[in-house]
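What follows is a short report on a single structure.
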Amino acid sequence: MRYQIGKHLIAFHMEALGILDRFTQWSKNQPEAGGVIMGKLIGNEIQIMRLSVPTPLDKASRYNFERHAYSAQIVIDYEFHNSNGEM
């Protein structure tokens, strides 16, 4: 899926779209969810390659989400290392 915003093109990889779909609030009982958006810039294209999922340490309610900084940093460091510094 691609979106043009000004001179930039934002491209979502299928894996990232699957995560978005998985954590969409489809009913009024579902809590907010959050994660880290990871990708890279290639020319004028922003490629959204990965999204993290909420961790058990995050706090979520119907109208609020607080990411646990330490667990989010672990995910970021892991993806950075495994992408050879590209993400």
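Any read-out appearing in this document is the output of simple, stated calculations on the displayed coordinates, not a laboratory observation. Computed from a prediction, not measured in an experiment: that's the story for all the values here. Note that we place each Cβ from the backbone using ideal geometry, even for glycine, and neighbour counts take in every protein chain shown.
Both radii are taken from the alpha-carbon atoms of region 1-40; with Rh as the Kirkwood radius, Rg/Rh is 1.06.
Counting every C-alpha pair in region 40-84, the share spaced more than 17 angstrom apart comes to 48%. Going by neighbour counts of Cβ atoms within 10 Å, the residues VAL75, VAL53 line up, fewest first, as VAL53, VAL75.
Sites listed here are chymotrypsin sites (Phe, Trp or Tyr not before Pro) in the chain whose DSSP assignment is loop and whose Cβ has at most 14 other Cβ atoms within 10 Å: TRP26, TYR63. The sum of -39500 (n - 2.57) across all DSSP H runs of n ≥ 4, divided by the residue count of the chain, sets its helix-only mean residue ellipticity at 222 nm to -8000 deg cm²/dmol. Shape of the chain from the C-alpha gyration tensor: oblate (a/c of 1.5 or more and a/b not above b/c, with a ≥ b ≥ c the square roots of its eigenvalues).
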